[in-house]
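Here's the structure we're looking at; comments come further down.
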């Protein structure tokens with residue numbers, strides 16, 4: 001058995017966790033909007049708001065979500081954190097592409113958000129896996 005620097009099971013769990021987290025944040029955003037900000041509209045209005053706000057939420061919140069999940073990966077597998085976090089980001093992107101290809105409606109508006117939103121997610125995963133603070137093994141100057 002070969003030893004890789006990627007823990008694939010952890011990467012798959014992290015990608016699913018990212019998907020669930022992004023969906024929950026979108027649902028919370030629509031609920032807050034419909035119950036406190038813009039009340040009294042029809043269900044179709046809120047469905048249109050959910051469709052329009054989803055890509056923006058992913059763009060804005062994706063980086064921090066991936067950062068936190070990569071930190072979680074780093075705590076669970078310190079020696080394989082970077083590879084596993086990058087695999088997690090790749091699996092997430094694969095899921096997003098599959099969903100986009102299988103979606104029945106018009107997805108032309110979501111494609112730029114998906115492409116543009118992947119960079120903050122990738123940076124968040126990289127920063128979370130590598131850490132922002134100095135290494136505890138680094139010697140003081």
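The values are calculated or read from the model by the stated rules, or taken from the named source; none is laboratory data. Not measured: the values here are computed from a predicted model. Every residue, glycine among them, receives a Cβ derived from its backbone with ideal geometry; neighbour counts consider all protein chains shown.
Structure notes:
- Residue 75 falls short on exactly one of the conditions (1) over 21 Å from residue 131 (Cα atoms); (2) exposed (fewer than 12 other Cβ atoms within 10 Å of the Cβ); (3) modelled with pLDDT of 90 or more, and that condition is (1).
- Yes/no for residue 94 being surrounded by 13 or more Cβ atoms within 10 Å (Cβ to Cβ), farther than 21 Å from residue 49 by Cα and at pLDDT 90 or above: no
- Residue identified as out of contact with any strand residue (DSSP E or B) (no Cβ under 9 Å at 6 or more places or on another chain), in a helix (DSSP H, G or I) and over 14 Å from residue 15 (Cβ atoms) among 111, 93: 111
- Just one of (1) loosely packed, with under 10 Cβ neighbours inside 10 Å; (2) at pLDDT 80 or above fails for residue 125. It is (1).
- Residue count, region 97-115 (criterion: within 16 Å of residue 53 (Cβ to Cβ) and surrounded by 13 or more Cβ atoms within 10 Å (Cβ to Cβ)): 4
- When residue 67 is tested against (1) crowded, with 18+ Cβ neighbours inside 10 Å; (2) more than 12 Å from the chain's Cα centre (by Cα), only condition (2) is not met.
- Check on residue 28, assigned to a helix (DSSP H, G or I) and buried (at least 17 other Cβ atoms within 10 Å of the Cβ): no
- Within region 33-51, being surrounded by 10 or more Cβ atoms within 10 Å (Cβ to Cβ) and closer than 19 Å to residue 104 by Cβ holds for 47, 48, 50, 51.
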